[in-house]
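Structure first, then comments.
The values are calculated or read from the model by the stated rules, or taken from the named source; none is laboratory data. Keep in mind the model is a prediction, meaning the values are calculated, not measured. Please note: Cβ atoms are built from the backbone with ideal geometry, for glycine as well, and neighbour counts cover all protein chains shown. With ligands, DNA and RNA removed, areas are computed over all heavy atoms of the protein, side chains included. Shrake-Rupley method; radii C 1.70, N 1.55, O 1.52, S 1.80 Å.
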Amino acid sequence: MITIIKPGMQMSIQDQGRTGSRHLGIGQSGCIDPYAQIITNRLVGNDDNNPVIEITLGLAEIQFDNDYYIALHGTDMKATVNGNAVEPGWSFYIKKGDVLKLNAARHGFRSYLAIGGDWHLPDPILNSYSTDISAGFGGLTGQALQAGDSFEVTPKYNTKVGLGAMLPPKSTQIRIHAGPHAALLPKDTIVNFINHSWHVSPNSNRMGTRLLSDECDIRHTVSLPSMAVAPGCIQLPPNGEPIVLLNDAQTTGGYPLLGTVIEADLRHFAQLKPGDFLHFKFVTLKEAHAAQEKLTAHLNQLAIALNYINK
Amino acid sequence: MTTDRTPKIMALTTHSIFFDAYETGSDTLTTQKKIWALAQYCQSSDDFVDIVPANNNLTLYLNEPAQLAGWLPRLLDQWHELKASDFNSRHHKLTTRYGGEYGPDIAHVAKHHNLSVDEVAQMHSSAKYHVLFLGFKPGFAYLDGLNPQLFTPRHAEPRLSVPKGSVAIGGEQTGIYPESSPGGWQIIGHTDFRLFDINAASPCAIEPGDTLEFVIQEVLK
């Protein structure tokens, strides 16, 4: 049994999210950093798409009523078990009755907890265990995890323990595709957007990272027919404060798009916290494809290494 | 004579395509019917993860980036071949109680237009609505067909909670709240029709391209 003692700022059960229902208004949900999710699962011998707990900021506690292999990855939340430091990125053995305590993240925003074994959650909804917090379904209760929530995980010890793996490197330079609305926006809007640094508004969440700039004014009055939007779309509302849509975003929107974050760089938004600076750079489809291949290679190398170690 | 302009097609990402038929010359509903036809054509392929129509445009999410280049010309070819009637749809009848506790704003809407409550219910229920697309929330349908005589501004202050099933008017649109949620539209009635049930095999009763009508169950004063 896994029991949430303190959820901290936000904690939710996520896998890679749901697809195939966007035309019904049903969004993706899922881990904002799917690579952290996959790598953390592999460290404890789970399937890649097994659910994990996505932890935002930290200041959380989780109790384990059985012996498990677990791993934490993403940002360092200065985790401890019985007073002993736990390094992110390594699998370890946690004993019945132990409590995993997380302090506040300082250099990032989210970490991912994988627990080796079979998770007993309500049936998946549209093929996913992800919690859709805004629509209120999926995960354990349809909501973010609360103090006192608990669920069963039947432990499996089908890997070696004490394994470590690195995540692909972090970056605050975000690569983007050109969007469809450049010509409709006031002159220089796109140039100004690219040439300035932006910082993350405290008003950001899993629906989107909202961006602010003290120097750049790109307000506008352009109104458009609604179009489909998805994680990565950079919307520009009339107030000139761009929103990078993330996993819990709605499926349609009417704001012009400044561009779309390449799929390989969406994971960076898992670690951007209020006040962090970032800037954007246009790339070609070919460059975006190469960035994606690099991440795929990272996962492939890990698979080879784990196969070798677990032989 | 107007000639239809060619829609704009572009790759949004390595694996998604934006097909924009807005302002191609035809009226909005005719263009939208072709969008539904194109969406249904694409559904017959296994190449897509998601096919999302919106307002005179269609966004396609592919399984593999390698599939992108082939679809760009293919979509345009299909657009020129398809007719606005080339799609299958269903018609839904939504039994609705107008006014009273079910439609607390119907008197306001009536007064705003110098109509009686009965006339508002009659006008609202005598139209055939097209489900243009879904979005905003799971199961929320953007409907075409509201009688312009019923266009009514939204509340200045949204209600904190509008009950599930509420039938409402917001500006030039009418819609049904699939779940209880905050909202600023004028609530004129209520339907028990289940728009959205996440535990059902197909959670959403209506799809883009469907038509629906509201059938008066009663009009309360």
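Partner chain Cβ atoms within 10 Å, averaged over the residues of A:218-230 - can you pull that number for me?
Mean inter-chain Cβ contacts per residue within 10 Å come to 5.
Can you pull the semi-axes for chain A, root of five times each eigenvalue of the Cα gyration tensor, sorted largest first, whole Å?
Semi-axis lengths for chain A are 35, 20, 18 Å.
Report the FRET efficiency, 1/(1 + (r/R0)^6), for residue A:10 and residue B:218, where r is their Cβ-Cβ distance and R0 is 56 Å, rounded to 0.05.
The pair residue A:10/residue B:218 has a calculated efficiency of 0.80.
Give me the net charge of residue B:184's neighbourhood, meaning all other residues with Cβ under 11 Å from the Cβ of residue B:184; Lys, Arg count +1, Asp, Glu -1.
0
So what's the protein assembly as shown giving for Rg/Rh, alpha carbon basis, Kirkwood Rh from the mean inverse pair distance?
Reported Rg/Rh (Cα atoms, Kirkwood Rh): 1.00.
With the solvent-accessible surface defined on protein heavy atoms using a 1.4 Å probe, which residues belonging to the stretch A:19-39 display a reduction of at least 20 Å² in accessible area in the multichain context relative to the isolated chain?
When all protein chains are present, A:19, A:20, A:22, A:23, A:24, A:25, A:26 each give up 20 Å² or more of accessible surface.
Under the definition of partner shielding as Cβ atoms of other protein chains within 10 Å of a residue Cβ, what is the mean value for peptide B:43-55?
Across B:43-55, the average partner-chain Cβ count within 10 Å equals 4.
Could you identify which residue out of A:236, A:102, A:224 has the top mean-square fluctuation in a GNM of chain A using Cα springs shorter than 10 Å?
It is A:224.
Mind listing the phi-derived Karplus ³J(HN,Hα) values for the stretch B:36-41, rounded to whole Hz, using 6.51, -1.76 and 1.60 with θ = phi - 60°, and x for any glycine or proline?
So the J values, rounded to whole Hz, are 4, 4, 5, 4, 5, 4.
Nearest 100 Å² is fine: what is the total accessible surface buried where chains A and B meet, probe 1.4 Å?
Summing both sides, the interface buries roughly 2600 Å².
Let me confirm the definition first: pairs of Lys residues in the stretch B:61-158, 8 or more apart or on different chains, C-alpha distance under 26 Å. How many are there?
For the stretch B:61-158, qualifying lysine pairs total 5.
Hey, what did the stretch A:227-311 get for relative contact order, percent, Cα under 8 Å, at least 6 apart?
24
Is the shape of the stretch A:205-289 best called rounded, prolate or oblate, per the rule: a/c under 1.5 gives rounded, else a/b larger than b/c gives prolate, else oblate, with a ≥ b ≥ c the square roots of the Cα gyration tensor eigenvalues?
Note, shape of the stretch A:205-289 comes out rounded.
Over 31 Å between C-alpha atoms is what I'm after, so list which of A:160/A:281; A:96/A:170; A:101/A:273; A:187/B:8 land there.
Correct reply: A:160/A:281; A:96/A:170.
Find out how many positive minus negative residues lie around residue B:33, taking Lys and Arg as positive, Asp and Glu as negative, among other residues whose Cβ is under 9 Å from that of residue B:33.
Neighbourhood net charge equals +1.
Rounded, prolate or oblate: which fits the stretch A:29-78, taking a ≥ b ≥ c as square roots of the Cα gyration tensor eigenvalues, rounded meaning a/c under 1.5, else prolate when a/b beats b/c?
Oblate, because a/c is 1.5 or more while a/b does not exceed b/c.
Given a 1.4 Å probe and every protein chain left where it sits, what share in percent of the accessible area of the protein assembly as shown is carbon and sulfur?
Whole-percent figure for carbon plus sulfur exposure: 50.
What residues have an amide H closer than 5 Å to that of residue A:251, excluding those fewer than 5 places away on the same chain, when H is modeled at 1.01 Å from N in the peptide plane?
Residues meeting the amide H criterion: B:136.
What are the ³J(HN,Hα) couplings of the stretch A:62-76, residue after residue, when phi is run through the Karplus curve with 6.51, -1.76, 1.60 and θ = phi - 60°? Round to Hz, x for glycine and proline.
Once rounded to whole Hz, the list reads 10, 9, 10, 9, 6, 8, 9, 8, 10, 8, 10, 9, x, 7, 7.
Rg and Dmax of the stretch A:1-143, Cα atoms, in Å?
14.5, 49
Considering chain A as a Gaussian network with a 10 Å cut-off on Cα pairs, which listed residue, A:166, A:227, A:207, attains the greatest mean-square fluctuation?
Its mean-square fluctuation being the largest, the pick is A:227.
So who's got an amide H within less than 5 Å of the one on residue B:189, skipping anything under 5 residues away but keeping other chains? H placed 1.01 Å off N, in plane.
It is B:99, B:167, by chain and number.
Which one of A:76, A:132, A:214 has the biggest mean-square fluctuation once chain A is modelled by GNM with Cα springs under 10 Å?
A:214
How large is ³J(HN,Hα) for each residue in the stretch A:216-225, as worked out from phi by the Karplus curve 6.51 cos²θ - 1.76 cosθ + 1.60 (θ = phi - 60°), to whole Hz, x for Gly and Pro?
10, 10, 10, 5, 7, 10, 6, 10, 10, x
Calculated FRET efficiency, residue B:157 and residue A:311, Cβ-Cβ r, R0 51 Å, to nearest 0.05?
0.20
Evaluate peptide A:131-138: per residue, the Cβ atoms of other protein chains within 10 Å of its Cβ; return the mean as an integer.
Taking all residues of A:131-138 together, the mean is 3.
Give the accessible surface of chain B per residue, rounded to a whole number of Å², with probe radius 1.4 Å and ligands, DNA and RNA excluded.
On a per-residue basis, 46 Å².
How long is the gain from residue B:76 to residue B:116 if the chain were fully straight, where each residue apart is worth 0.36 nm and the alpha carbon distance is subtracted?
Full extension from residue B:76 to residue B:116 adds 9.5 nm.
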